[in-house]
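Let me give you the structure first, and then I'll get to my questions.
What follows draws every value from the coordinates through simple rules; no lab data is involved. Predicted, not measured: the structure shown is a model, and the values here were computed from it. Note that we place each Cβ from the backbone using ideal geometry, even for glycine, and neighbour counts take in every protein chain shown.
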């Protein structure tokens, strides 16, 4: 795979699960009638005894996974984003995050979802989860990841299978471009600096990392040099890198395919306002819902919600103007 | 192997008292639902659940998932009795820094599930059961759910899932107490049938209106419906569930919320409220007052004892008293263990076998294998060695240990070392040997003497009154301390066994209420008596109790 190549996150997720399943007989996978779509059905074909499709019953999905985890299994439970945090916050909180055996925090369940954000497109606003970061990062013990490409998906899936604890990982529906080298390491709680520059920091996650890179490239033409960081680990968040970036660049733009309230931008603002306050501009969905868009129209939908490299570049110019001289 | 009836019964009684202690200390909590599931929990903990309190994480253990987590006092009290922690810790319930949280929590070693948000436990249990199957473990999962809890849609998601995956290493138990927080379940969200009016006791009795079982059956479950306060029924239901392969099993246990404390029973108010401290000693006394009726079938048709057993079962006896006479220890001869073995398949009701025979130590094994749940032998034909042996054999086989004394016998010196281990003491109030004799009045004085000795030696079993017990003297026997009552011709000799047993119970209830009012008066005078009466708001209880207080001159 090469940089820029368009690949499918779910395919890599499903493939990695099968590899993990081969290596670790303790891994079980659960789905809720979306197993073909999530590409976890292959795990089921290979390991039928360790695969459970509970039907369209997400609360049950989450709680059965918790029971398996409590008995020593590493449980991956997957469906669409809208049906997990959006539907089952109580079960996620009370059956997975809250129970803490011995000196551990929460149960060993990995909630991996697809179809995060508005880029779901055609299914419409009812199926576009723009609240999951806010929900999931507010639940103690959970780690929250939003990978930007399939390199991240593969490595994070593997990492979650090896590290104890409750994790949430959101994938995107459409193919997305590879932005990381195959050799890139992903460490929990550590952002990845993709570009360096003194004028502004662009902190992004998921599909907006590519937009941020494009914005930085175009700003370069104007003589504005940005630092771009991939903050795939939303929780724990890399406070150290954020503070350092704030000190070095004096202003910041955050990008997320999520409501700007309570989401990634809010998380960054929480860190920066306490550690080293600088002006911040949050690019994201402006507290409203999405709508249908066919695949070729998804760029229009993203544009409507300000999720374009052009809008990010605009935000950078604006926030640089507010920098303390 | 016996039912372990008295051990379970004693623990259930202790657990209920601990629930009162815990919730009254906390000033809040859920006694009602803890009491409705008390027999279920007692049976699971002290008969079926395999666990090691010294090693709560023992890999091969069974798991008890309390899905109706608000009843945590009912879980914690049993855990304390099972040895997970000292019973005194229950006073820390709901306190800041305590392991005993308001709802079950893994903070307390031995707790398997953080219950409380209702509707999750069955799904969680399925996960645990599937994991056990994957690992090839013999682990069995017991999941206790509330009936109000099954309003939650997730329960039915789980019901389907358990069916699909043929989860047969899980036994679900529905504590069907007919009350949820707001009111009666059939008013809030009918599970059986919509309730019109306020009296739901009729529905409790009218099996044609029960639909909960059909719901579960239609989801593919093996459904076993029982009276959840009868230990023998809970026991037999769990046994059946365990033996059922290929489908999940649920025991639908009809229970009474607040069972054991009259003013809490069937009163939605006691779903989530703790008793005031001033009432605790009275409530404890009430919990110690649970009584059993045991008809003696030899008073009936000796040529058709099968029919007599059936009459007892239909009459709702607590257990059946079997008088074995050998024609040597007593002049008469009745039957021996072969007859008991023939009668055993007729019912699961405990068999209370009273051996009026010589050299019981030689025969006790026969009576165990015949199916006795309690075996009582006579002090007159035992000594320290033989009774020690009998005691050990009975305990090993989960059979209750009883010691009987004749009217002219006092407790022998050698028996005193066994008193704290006895499940039952029969104080004969007629000369044994035949049915239909008159109660010997001096037994009342004898009981006064005995009670002193029993309490000095930490007796925590049950005194059984046997001989000439009638409607006229049963109240006095209760006051003497008897909690089990053998009725010969007075019960079996009657046409309507069920009716006469009900009358016996009413007489006991009267005596109990009177004792409790006396206790209230001793503790807090007329003022506390008045408060005590005011607690009894359901049905006719208040008027009846008020009447008794008037008779005593306390109103």
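Let me know the Rg and Dmax you get for chain B when you use only its Cα atoms, in Å.
Expressed in Å, the Cα Rg and Dmax of chain B come to 23.5, 68.
What is chain A by shape, rounded, prolate or oblate, if you read a ≥ b ≥ c off the alpha carbon gyration tensor as root eigenvalues and call it rounded for a/c under 1.5, prolate for a/b larger than b/c, and oblate otherwise?
Prolate, since a/c reaches 1.5 and a/b exceeds b/c.
Right, another one. What number, in percent, do you get for the relative contact order of chain B if the mean sequence gap of Cα pairs under 8 Å and at least 6 apart is divided by its residue count?
Answer for chain B is 13 percent.
Treat the count of other C-beta atoms within 10 Å as a stand-in for reagent exposure and order B:301, A:199, B:323 from fewest to most.
B:301, A:199, B:323
Can you give me the angle between helix B:443-456 and the longest principal axis of chain B, using Cα atoms only, in degrees from 0 to 90, rounded to the nearest 10?
Once rounded, the angle reads 50 degrees.
Kindly put B:49, B:322 in sequence by how many other C-beta atoms sit within 10 Å of each C-beta, fewest to most.
Least to most surrounded, the residues fall as B:49, B:322.
Once both axes come from the Cα atoms, what is the angle between helix B:497-535 and the longest principal axis of chain B, in degrees from 0 to 90, rounded to 10?
70
Quick one: check the C-alpha center-to-center distance for region B:504-548 versus region B:234-286, whole angstrom.
The two parts, judged by their Cα centres, are 22 Å apart.
When DSSP assigns beta bridges and you keep just the ones with both residues in the protein assembly as shown, what percent turn out antiparallel, to the nearest 5?
10
At 222 nm, what helix-only mean residue ellipticity would the protein assembly as shown give, in deg cm²/dmol to the nearest 500, using -39500 (n - 2.57) for each DSSP H run of four or more?
Calculated mean residue ellipticity at 222 nm is -11500 deg cm²/dmol.
Would you mind giving the average projected area, over all directions, of the Cα convex hull of region B:292-494 in nm² with one decimal?
In nm², the orientation-averaged hull projection of region B:292-494 is 10.0.
Moving on to the next point. So between residue B:193 and residue B:302, what do we pick up on full extension, going 0.36 nm a residue minus the alpha carbon distance?
34.8 nm
Still on this structure: Rounded, prolate or oblate: which one fits region A:6-177, using the alpha carbon gyration tensor with axes a ≥ b ≥ c (rounded when a/c is under 1.5, else prolate when a/b beats b/c, else oblate)?
Verdict is rounded for region A:6-177.
Which of the three applies to region B:7-276, rounded, prolate or oblate, going by the alpha-carbon gyration tensor with a ≥ b ≥ c and a/c under 1.5 meaning rounded?
Oblate, because a/c is 1.5 or more while a/b does not exceed b/c.
With all pairs of different alpha carbon atoms counted, what Kirkwood hydrodynamic radius in Å does the protein assembly as shown show?
30.9
Using a 10 Å cut-off around each Cβ, can you sort B:118, A:107 from fewest to most neighbouring Cβ atoms?
Taking fewest neighbouring Cβ atoms as first place, the list is B:118, A:107.
Please determine, in degrees from 0 to 90 and to the nearest 10, the orientation of helix B:360-370 with respect to the longest principal axis defined by the Cα atoms of chain B, where the helix direction is its Cα long axis.
Roughly 40 degrees, rounded to the nearest 10.
If you build a Gaussian network model of chain A, linking Cα atoms that sit under 10 Å apart, which residue out of A:271, A:29, A:112 swings the most?
Maximum among the listed residues: A:271.
Specify the inter-centroid distance of region B:361-423 and region B:119-166, based on alpha-carbon positions, in whole Å.
If you average the Cα positions of each part, the centres end up 43 Å apart.
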